[in-house]
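One structure below.
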Amino acid sequence: MTAFIALIIAAITYGTPLLFGTLGEILTEKSGNLNLGVEGIMFMGGAIGLGGVFYYEKAVTTPNGILAVIIGMVCAFIAGAIASLIFSFLTITLRANQNVTGLALSIFGTGIGQFIGEYMRIREGGYITISNTLKGFFINSPFPQALRDIPYIGNILFGNSIFFYLGILLAVVLFLYLGRSRSGLHLRSVGESPATADAAGINVTRYKYLATIIGGGISSIGGMVYITTIAGCVWNHEGLSGVGWLAVALVIFCLWRPLNAIWGSVLFGALMILYLRLALPFIPTQLYKILPYVVTVIVLIFSSMRNNKEKQPPASLGLSYFREDR
């Protein structure tokens, strides 16, 4: 039982960055934009988010932990938003191919993130990290010890970092926005049929821009969360490799539904670390690491066979909108 609880806690820890990356991409894809540059966006968020916290601590005598968390999230969000703005300009205004642009952004963002991280490391003459006091605000649970001491469920429900609970809150807000608000329904209509939405007086360009930029910013926070929780607040230029692609796969796995992303991210987190917790000598580590993608393909096949519209991607996903063709 103890080993099972430890596996769940570790799965939540590894799944939290995926939760942010997935929610951001869901918001983007609901507008009809397919941003495959999540990997690069998360790299930028990890490097710039950690850098913001590092230089904040260096600039003040007594750093505030809560403010440090906010600074890290804001810096990461801005980095992802700027990268997504470039993507939006190329794909929405210039109508470039979204698949090619997304792949280019993934390569570009990864390079930018690694360059910034290594530049800070060389400039400071050592590892880019923060003090143990500040690390506690990023890694430790915000709940009191009494709740965490509840047998069996205490650590599972109350022993996680603050980012997991923020991710759950964000998933609920996104669910309510997409399904209960007028603006959210307009966004979904843009993703399903931009020509119809345009004819109804909805500003297609504005919705696509805002959804893509905000979604990219949210995904970028996931990169910062990975570096400050899993990587121990120390910059590692290879630490984020593959996490962004897992987030893209998770969007398909959870069928573009924000609430599904909560348990889906935990499941993917468990699959990510299964080779460490349930190692079988006759199964290569590489086979463990492809499990999330295999599960995603299986879900995609079954959802396609059922031909259920509710379980399909937005109809205009990945397609540029030409108003003249309306």
- Message: Before I look further, what does region 134-263 give for accessible area per residue, probe 1.4 Å, in whole square angstrom?
- Response: 42 Å²
- For Val234, put the label point 7 Å out on the Cα→Cβ axis and report which residues of region 93-132 keep their amide N under 13 Å from it. 126-132
- Item | Accessible carbon and sulfur surface of the chain relative to its total accessible area, %, 1.4 Å | 67 percent
- How about Lys208: which lysines have a C-alpha closer than 27 Å to its C-alpha, ignoring those fewer than 8 places off in the same chain? Lys30, Lys309, Lys311
- Item | Computed over the chain, the ratio Rg/Rh where both radii use C-alpha atoms and Rh is Kirkwood | 0.98
- Helix-derived mean residue ellipticity, 222 nm - over the chain, DSSP H n ≥ 4, -39500 (n - 2.57), to 500: -23000 deg cm²/dmol
- Query: Between Ala3 and Lys289, what is the spin-label point distance in nm, taking each point 7 Å from the Cα along the Cα→C-beta axis?
  - Reply: 2.4 nm
- Between Ala146 and Leu280, the FRET efficiency computed from the C-beta separation at R0 = 30 Å comes out, to the nearest 0.05, as 0.15
- Query: Among Cys233, Cys75, what's the order by accessible area (1.4 angstrom probe), most exposed first?
  - Reply: Cys75, Cys233
- Item | Å² of accessible area per residue within region 1-123, as computed with a 1.4 Å probe and no ligands counted | 39 Å²
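The values are calculated or read from the model by the stated rules, or taken from the named source; none is laboratory data. Please read these numbers as outputs of a predicted model, since none were measured by experiment. Glycine gets a Cβ as well: all are built from the backbone with ideal geometry, and neighbour counts include every protein chain shown. Note: accessible area is taken over every heavy atom of the protein model, side chains too, but ligands, DNA and RNA are not part of it. Shrake-Rupley method; radii C 1.70, N 1.55, O 1.52, S 1.80 Å.
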